[in-house]
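One structure is given below, encoded as C-alpha cells.
The values are calculated or read from the model by the stated rules, or taken from the named source; none is laboratory data. Bear in mind the structure is a predicted one, so any value in this text is a computation, not a measurement. FYI the Cβ positions are ideal-geometry reconstructions off the backbone, even for glycines, and counts take in every protein chain you see.
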Amino acid sequence: MTALAEKTDPTEAMITAHSVTFSGWSKSAREDALMRLRKMGLPDRRDEYWKYTRPDSLTQATAPTAAIFQNDEPPLFGEMDRLKIVFVDGVFDAAASDDLALEGITIERLATAQSDLHWARDVYGVLESHGQSPVARPLAALNTALATDGVLIHVSRTPSKPINLIYTHNSDTSDAILHHCIKLDPGTEVTLLENGPAAARFNKVIEVEVGNTASFNHIRAQGRDHERRAATHIFGRLGTESEFKSFTLTVNGVMTRNEVVLELTGDDAKAHVAGACVGDGEFHHDDTVFITHDAVNCESRQVFKKVLRNGAVGVFQGKILVKADAQKTDGYQISQSLLLDEDSQFLAKPELEIYADDVICSHGSTSGAIDEDALFYLRARGISKGDATDLLTLSFLAEAVEEIEAETLKEEILERLTGWLARRRS
Amino acid sequence: MLNIKNLNVKLDDEDKQILKGVDLEIKGGEVHAIMGPNGSGKSTLSYVLSGKDGYEVTEGTATLEGIDLLEMEPEERAAAGLFLAFQYPVEIPGVGNMTFLRTAVNSQLKARGEEEMSAAEFLKVVRAKAKALKIDADMLKRPVNMGFSGGEKKRNEILQMAMLEPKMCILDETDSGLDVDAMKLVAEGVNALRSEGRGFLVITHYQRLLDHIKPDVVHIMADGRIVKSGGPELALEVENNGYADILAEVA
C-alpha cells in the first residue's frame, strides 16, 4: 500500500492501489487505457460532467468502508431459469455459479481468458475508448486498465435463457473493478440480468457490440445496501436494425454514478435506456447518458424517474447528439423526480445537439411533489395516507418500469418495489 | 344517519366564509338532493364531510351514526361508511383499477377489524358488479380513470361505491358531463344500492338526474346555507323558473 506516500496525485495513488500485471491479449488495450487515464486524470468537481456529483469517494485510492446489508429476501430473478455467474466482492465464485456454458454462446472470464480472443480484442477497451469523446470518462479508462475480472460473452446464436450476473457484497472494505464484454452476432438476442451491490465500492464497465438485427436486453438492480458506492459505465455500439434496451433499478446506495454511452451506427436501430430509483436520506444517484445518432431512421428513448426523500439527491445528465447524416432520427428524453419533502434535490441537465435537419427530438424534465388531489382521492376510498403515498410513488415510477418489455420481469420488479416501499415505513 | 348542525366553514388560507350554518339530517333509506346556484357551497359541503384539506370548520358539527366525522382522517371517514363520488374523478397512471379497488376494499375491511377479501373472491364480486354497470374487463385492467371518457369515469365511481358498500353516499354532480344514456346507467347503479340502511346526498344542478334518482327531500342551497327544503316538486320548480324566484322569496 504505497498509495499513502503518493497523496499528491490521486490518479497515481489510485493506479498504485489497484495495480495489476498486464499480459496476454488485453495487454495493449490496458496499456493504452492507462496512458489515456494518466493524460486525463481522475475527475474532480471542476469537470463539467461532475458538477452535480462529488467524485471524491469514487476517486480516492481506497474505498470508504461500507457496512453490509442483511438481506432476508429471496434473490431477485430467483424463480427464473437463467445462467448464474456470481461475483463476491468482485471475485468470481465458481461454486455458486453455473457452468459457464450455454448453447449458442461462449463465456470466458477476463481473468483467465488466455487464448487470443479475436472478437474480444475488437471490443475490450475499444468501445470505451471511443466513448471518451467528446466527454472524458476517466473512471471507465481506469476500469479498462485495471479490471481484475469480468466476463466475455460471445453470442453466436440466441441462447435459451438469460445470463444473470449476481454480485454479492460481503466485505465492508472491498473495492472491485469488473469489466464485461458482450458481442452479439447478427440476428441474435440475449438478455443480461444483473443484481446486487457488488462491493463496498464498485467500478464496472460493460461494453456491448450489438450486431445487425441483433437485440440486447439488459435489466439490472443495484442491490439494497445503503453504504455502497458504484461507478458504472455501459458502452454500446448498435448495428443496422438492432435493438438495445436497458433498465436499471436503484434503491439505496450512498453514491451511484451510472453512465450509458451509446452510438447508433446502423440505420433503423433502436436504443431505449430507462431507470427508476428510490432514495432516502444519504443517497446520491447520478444518471449520465450520452446517445449519439450516426445513422438514418434510428430511435432513442431515455426515461428516468427518481423518488427522493429526507435529503436524497438525484442527478440526470442526458444528451442526444444527432450527427449531420442522421436524418429521420426520433429522439425522446424524459427525466422526472418526485420529491417527497423539501430537503431533497433533483438536478437535471438535458441536452440536445442536432446537426441533421429532418429529425424529431423532444425532451422534458420535471420535479414535483405528490399530487394532493390524487392523494385525497385514494384516502377518500379508505386507503391510509402511507399506502396511498406508496401507490402514487409506484404510479410515478411505473412509466420507467413499463420500459421493460418482458412481462414477467416487469412484474417482478414492480412487486419488489411495492414490498420495499411498504417496508420502508414499517 | 348523517347529522349536520350549524356547520360553518371557511377556507384555510383566506378569510372567506363558504358555509354559513348548514343544518341537515339524512336518515337511513332516504335520498336527499341539494341544488343551488354556482358558488353556493354545495361541493364544499361534500369536501368538508369527506375530509379534504384546505377548509376550516369554525362552528358546528357533522356526525355519521353519532360519530364525529370532522375529527377523523379521510380514510377513517371512509372506513366509517362515508363515500364521496367525485365530480372530477382523478386519473392515476400506473395503478391498475383493479389493484386500486382491492386496496380500497381491503383497507376498509382491515380498518373495521374484518377479514380481508381474497383475490379470487374479490375478482368474482367485482366482475358481477362491473357487468351491471357495463364496465368491461379492459376498464378494470387499465390504470385508474386513465383514458376513461366522462361517462366511464362516473360509472367507475359508482362501481367503487358498489364495492365499498358505504352507509352514506354523497354524489357530487355525478350527472355533469354525462349524456342521457350514461346518466340512466349511473342512476340505475345508484338505485340498485338504495336500501333501508343507506343514505344518499345527491348534489346536482339539474332536475334531470332526479327523474332517475327519485329524492325524498330536495334542498336549495344559496350563499352557504340551505334556504329552502321541500319534496321532489321543488326540483321541478327550479327547472322551470330558475333560482331567482326562490331566492327572492326567502330573502
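Kindly indicate whether A:T366 is exposed (fewer than 14 other Cβ atoms within 10 Å of the Cβ), within 14 Å of chain B (Cβ to nearest Cβ), within 30 Å of A:I291 (Cβ to Cβ) and in contact (Cβ under 8 Å) with a residue 12 or more places away in the chain. So A:T366 passes the test. Put simply, of A:I219, A:I177 the only residue that is crowded, with 21+ Cβ neighbours inside 10 Å, modelled with pLDDT of 95 or more, within 24 Å of A:K410 (Cβ to Cβ) and under 16 Å from the mean Cα position of the chain (by Cα) is A:I219.
Taking the criterion of being at the interface with chain A (Cβ under 9 Å from one of its Cβ atoms), assigned to a loop (DSSP other than H, G, I, E, B), within 21 Å of B:I158 (Cα to Cα) and of a type in the set (S, T, Y), would at least one residue in the range B:98-121 satisfy it? Checked the range B:98-121: no residue is at the interface with chain A (Cβ under 9 Å from one of its Cβ atoms), assigned to a loop (DSSP other than H, G, I, E, B), within 21 Å of B:I158 (Cα to Cα) and of a type in the set (S, T, Y).
When the range A:285-319 is examined, which residues are found to be touching a residue at least 60 places away in the same chain (Cβ under 8 Å) and either aromatic (F, W, Y) or closer than 16 Å to A:A369 by Cβ (or both)? Matches in the range A:285-319: A:F290, A:F304, A:K305, A:V307. Take the conditions (1) more than 19 Å from A:G279 (Cα to Cα); (2) buried (at least 16 other Cβ atoms within 10 Å of the Cβ); (3) within 13 Å of another protein chain (Cβ to nearest Cβ); A:I354 misses just one of them, which is (3).
Checking the structure you have, find out if any residue of the range B:146-162 is of a type in the set (A, V, I, L, M), out of contact with any helix residue (DSSP H, G or I) (no Cβ under 8 Å at 6 or more places or on another chain) and more than 25 Å from B:G81 (Cβ to Cβ).
Within the range B:146-162, one or more residues are of a type in the set (A, V, I, L, M), out of contact with any helix residue (DSSP H, G or I) (no Cβ under 8 Å at 6 or more places or on another chain) and more than 25 Å from B:G81 (Cβ to Cβ).
Among the residues here, A:A348 qualifies as more than 30 Å from A:T240 (Cβ to Cβ), in contact with a strand residue (DSSP E or B) (Cβ under 6 Å, 6 or more places away or on another chain), more than 14 Å from chain B (Cβ to nearest Cβ) and not in a helix (DSSP H, G or I). For the condition more than 14 Å from chain B (Cβ to nearest Cβ), at positive phi and modelled with pLDDT of 95 or more, what is the one hit in A:K328, A:K323? Going through A:K328, A:K323 in turn, just one is more than 14 Å from chain B (Cβ to nearest Cβ), at positive phi and modelled with pLDDT of 95 or more: A:K328.
Does A:R224 satisfy the criteria of being modelled with pLDDT of 95 or more and of a type outside the set (V, I, T)?
On the way: modelled with pLDDT of 95 or more: no; of a type outside the set (V, I, T): yes.
No; evaluated as a whole, the condition is false for this residue.
Within the range A:375-412, the set of residues being closer than 17 Å to B:R77 by Cα, part of a helix (DSSP H, G or I) and out of contact with any Phe, Trp or Tyr (no Cβ under 7 Å at 6 or more places or on another chain) comprises A:L375, A:F376, A:L378, A:R379, A:K385, A:G386, A:D387, A:A388.
Within the range B:74-96, the set of residues being part of a helix (DSSP H, G or I) and either within 7 Å of chain A (Cβ to nearest Cβ) or in contact with a strand residue (DSSP E or B) (Cβ under 6 Å, 6 or more places away or on another chain) (or both) comprises B:P74, B:E75, B:A78, B:A79, B:A80. Return yes or no: is B:E71 within 14 Å of another protein chain (Cβ to nearest Cβ) and either farther than 30 Å from B:M139 by Cα or touching a Gly at 6+ places or on another chain (Cβ under 9 Å) (or both)? So B:E71 does not fit the description; no. When B:L164, B:L178 are screened for being more than 14 Å from chain A (Cβ to nearest Cβ), closer than 23 Å to B:S46 by Cβ and not small (G, A, S), only B:L178 passes. Being within 26 Å of the chain's Cα centre (by Cα), more than 7 Å from chain B (Cβ to nearest Cβ) and of a type in the set (S, T, N, Q) is the filter here, so list the residues in the range A:369-407 that pass it. The one that is within 26 Å of the chain's Cα centre (by Cα), more than 7 Å from chain B (Cβ to nearest Cβ) and of a type in the set (S, T, N, Q): A:T393. Does the range A:322-334 contain at least one residue that is of a type in the set (S, T, Y), buried (at least 19 other Cβ atoms within 10 Å of the Cβ) and in contact with a His (Cβ under 8 Å, 6 or more places away or on another chain)? Checked against the condition, which is being of a type in the set (S, T, Y), buried (at least 19 other Cβ atoms within 10 Å of the Cβ) and in contact with a His (Cβ under 8 Å, 6 or more places away or on another chain), the range A:322-334 yields at least one hit.
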